[in-house]
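Presented below is the structure to which this report refers.
The values are calculated or read from the model by the stated rules, or taken from the named source; none is laboratory data. Everything quoted here is computed from the prediction, not taken from an experiment. Glycine gets a Cβ as well: all are built from the backbone with ideal geometry, and neighbour counts include every protein chain shown. Note: accessible area is taken over every heavy atom of the protein model, side chains too, but ligands, DNA and RNA are not part of it. Shrake-Rupley method; radii C 1.70, N 1.55, O 1.52, S 1.80 Å.
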Amino acid sequence: MIAADFPAGDFAVITPYLLPPGPKRVNVGDGFILDSAIRLLRLRPCYVFSSRVSLTAADIEQINSTRLLLVVGANSLKDDFEITPGFSLRTLAALQVPVVLMGVGHYGTPQQTHGLTAESTQLLRALLDRFPYLSVRCDASWRYVANALPDRVESIVMTSCPVVHAVDGIDAGFLARDVVEQLVVTVTDRNDIESQWPIVHIAAKSFRAHRRVLALHQDFGNERLWRAAEGLGFEVLRSTDCEDFLALYRATELHFGNRVHAHLKCLSLGVRSFCTPFDLRQAYFAESLGYPLITAVPDPAMDRCDFGELARRRDALRSVMDEFVDALRAVIVTRRAR
C-alpha cells in the first residue's frame, strides 16, 4: 500500500489512481499524487475510492463515518466538472463532511475548458462553503477557477501539485554530471508515438549514462516502441505499481521527457529534469514553476535553466501547501465530541 508507514487518519480519499475493470490504463503519475498527498499529511486514509466510479450508498456511508473527504489530482478541471461520474449537488448533500480538492489541475485541452458551467460553479461554491480552501496545481488552473468564482479568489490557493514537494528526505542538489549513473526518459505513448520517438532517440545520443531506462507511466502495449528503445540501450519499465517508479526516480540523476509527474517528482528530489512539450499541461507547469520546455537538443535553454531559482519557487509554494495541509489536519485530527 502507498505510504503504509503512516498512521491512519480519520479521512477518505478519491483518486484516479484506482481504476475499475475496463479499457482504461493505470497511470502511475496519479499514484505519485496520492503518495505525496499522504506524505504531506503524514496520515493515510481510512478509505480510498476511485474517481472513475460513481459513489454508492455504501461508499457514502463509509465517507460519512470519517471527518473529511479529500479529492487528490489530477486533470479534473474542465467545464463539466465532476468529482466522480454523476457527482452533483445532490451527491454532496448526502455527504455530511467537508469535501476538499487538493492539487486539482486544468484538463489540458482547450476544447473542454471554455469556462465552468453554472452547475460546476455551484458545486465548487458548495465545496467552499464546507471548507475554506480549494487547492490548484498551476497558475492556469487558478485563473480557470477564479474566472468562475471572482468573489472567492482568496479561497483558491495555488499550492502546485503535491508531487513537486519534497516528501522523501532526499535532496540531490540538482548536481550536473557529464556522465550519470542513471538516465530516465519518458514519453506519453497513448497516441502520436511517431512524433515522440525522437525524444528517446535524442536522449540516447545526447546524454551519457551507465544505465538508461524508458519509463512508461501508462503502458499502452506499444511493443514496437519497447523494442526500438532496447535497441538504443534502454531498459523498459512497465508496471501498474507506482512504487516501482517512485523507487526508480529516487535513484535517478537525470530525467528527460514529457511525463509531467516524472518531471515534478525529480524536481522534488533535487534531480535535474528537462521537460518536453505534449499538451497544455506541460506549458502550464512551466509557466508556474519557471522552467523551459525543451524542443531540441542541444538547446541553449538547458544550459540557462536556473535550477536554484526553480528550487526557490518550489520552496515558496511549499509554504502555501503547508498552510493548506495544516487546515486539513485541523479537521482530520480534531477529537470527536463524546
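Summed over segment 249-302, the residues that are assigned to a helix (DSSP H, G or I) and touching a helix residue (DSSP H, G or I) at 6+ places or on another chain (Cβ under 9 Å) give a count of 20. Pairs are defined by a Cβ separation below 9 Å, a sequence spacing of at least 6 or placement on different chains, a first member in segment 217-231 that is acidic (D, E), and a second member that is assigned to a loop (DSSP other than H, G, I, E, B) and open to solvent by less than 70 Å² (accessible area, probe 1.4 Å); the pairs so defined are D219/V26; D219/D189; D219/S239.
Set side by side, the residues S141, S88 differ, and just one is under 20 Å from the mean Cα position of the chain (by Cα) and either modelled with pLDDT of 95 or more or open to solvent by 30 Å² or more (accessible area, probe 1.4 Å) (or both), which is S141. How about segment 49-58: which of its residues are farther than 22 Å from H106 by Cα, of a type outside the set (S, T, N, Q) and surrounded by fewer than 18 Cβ atoms within 10 Å (Cβ to Cβ)? Scanning segment 49-58 gives A57, A58.
Looking at segment 145-157, is at least one residue closer than 22 Å to R259 by Cβ and open to solvent by 30 Å² or more (accessible area, probe 1.4 Å)? Scanning segment 145-157 turns up no residue that is closer than 22 Å to R259 by Cβ and open to solvent by 30 Å² or more (accessible area, probe 1.4 Å). Every listed requirement among (1) closer than 24 Å to A311 by Cα; (2) polar (S, T, N, Q); (3) without any contact (Cβ under 8 Å) to a residue 12 or more places away in the chain is met by T159 save one, (3). What are the pairs with Cβ atoms under 8 angstrom where one residue, in segment 164-193, is without any contact (Cβ under 8 Å) to a residue 60 or more places away in the chain and the other, located anywhere, is surrounded by fewer than 18 Cβ atoms within 10 Å (Cβ to Cβ)? Sequence gap at least six, or different chains. From segment 164-193, the pairs are D178/R208; V179/R208; V179/H210; D189/Q218; D189/F220; D189/N222; I193/N222.
Using the structure shown, decide if E235 is open to solvent by 30 Å² or more (accessible area, probe 1.4 Å), free of Cβ contacts under 8 Å to residues at least 40 places away in the same chain, outside any loop (DSSP other than H, G, I, E, B) and closer than 30 Å to P21 by Cα.
Here the answer is yes, as E235 does meet what is asked.
Restricted to segment 1-10, and to residues there that are assigned to a loop (DSSP other than H, G, I, E, B) and either free of Cβ contacts under 8 Å to residues at least 24 places away in the same chain or open to solvent by 50 Å² or more (accessible area, probe 1.4 Å) (or both), the residue that is farthest from L89 (Cα to Cα) is D5.
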